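Notes follow the structure.
The values are calculated or read from the model by the stated rules, or taken from the named source; none is laboratory data. Model, not experiment: these values are computed from the prediction. Here the Cβ positions follow ideal geometry from the backbone for every residue, glycine too, while neighbour counts run over all protein chains shown.
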Amino acid sequence: MSASQQIASLQRAYPQVWFACHLDHRTRSNSPDGLTDREAGILAHLDATDGALAGDVARHLGIGKSTLSAQLKRLVELGFVRLARGDDQRERPVHLTAKGRRAVVARSPLDRARVGALLQVLTPAERVQAVAGLELLARAARQLRAQHGKEVGA
């Protein structure tokens, strides 16, 4: 299979998994943790160990720094993130707290039961291959972000 065919295959397959396992959108009022989908999305864009610069997150999400700042203030107050002291006061690193890391897992846009049902359709050997393949893609995504920084969704 050529690189072009592999790309096309991944582009076809990913949305199928997404739509089969995606949860309905949540609002603050119907969310058990009080987070909106946007707030949970912000948490999901923060690296669990290294954090991210607020300006990079704002650019990646296509929102203004002031909008992100207001949302980060709320997330800090709720204990999901902490702001570190950076070299530049305007570019403070944002880190997940333990509560924030738990929320990222709990707020995955993929429903745990649906993902489990999806995996049960596969044989045990296929499940191992599927999970290993996705972990490889995730590792490559982290490497790509580290290599290209701001150009590739910080």
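The conditions are (1) under 16 Å from the mean Cα position of the chain (by Cα); (2) at pLDDT 80 or above; (3) loosely packed, with under 13 Cβ neighbours inside 10 Å, and R142 fails exactly one of them. Which is it?
(2)
Determine which member of the set V76, V104 is under 25 Å from R38 (Cβ atoms), at pLDDT below 90 and part of a helix (DSSP H, G or I).
Unique residue meeting the criteria: V104.
Do we have any residue at all in the stretch 74-84 that's more than 26 Å from A146 (Cα to Cα), exposed (fewer than 13 other Cβ atoms within 10 Å of the Cβ) and touching a helix residue (DSSP H, G or I) at 6+ places or on another chain (Cβ under 7 Å)?
yes
So which pairs qualify, if the first residue must be in the stretch 120-133 and at pLDDT 95 or above, the second must be of a type in the set (S, T, N, Q), the Cβ gap must be under 7 Å, and the two must be at least 6 apart or on different chains?
none
Among the residues in the stretch 13-36, are any touching a Phe, Trp or Tyr at 6+ places or on another chain (Cβ under 8 Å), part of a helix (DSSP H, G or I) and either closer than 21 Å to R145 by Cα or at pLDDT 90 or above (or both)?
For the stretch 13-36, residues touching a Phe, Trp or Tyr at 6+ places or on another chain (Cβ under 8 Å), part of a helix (DSSP H, G or I) and either closer than 21 Å to R145 by Cα or at pLDDT 90 or above (or both): absent.
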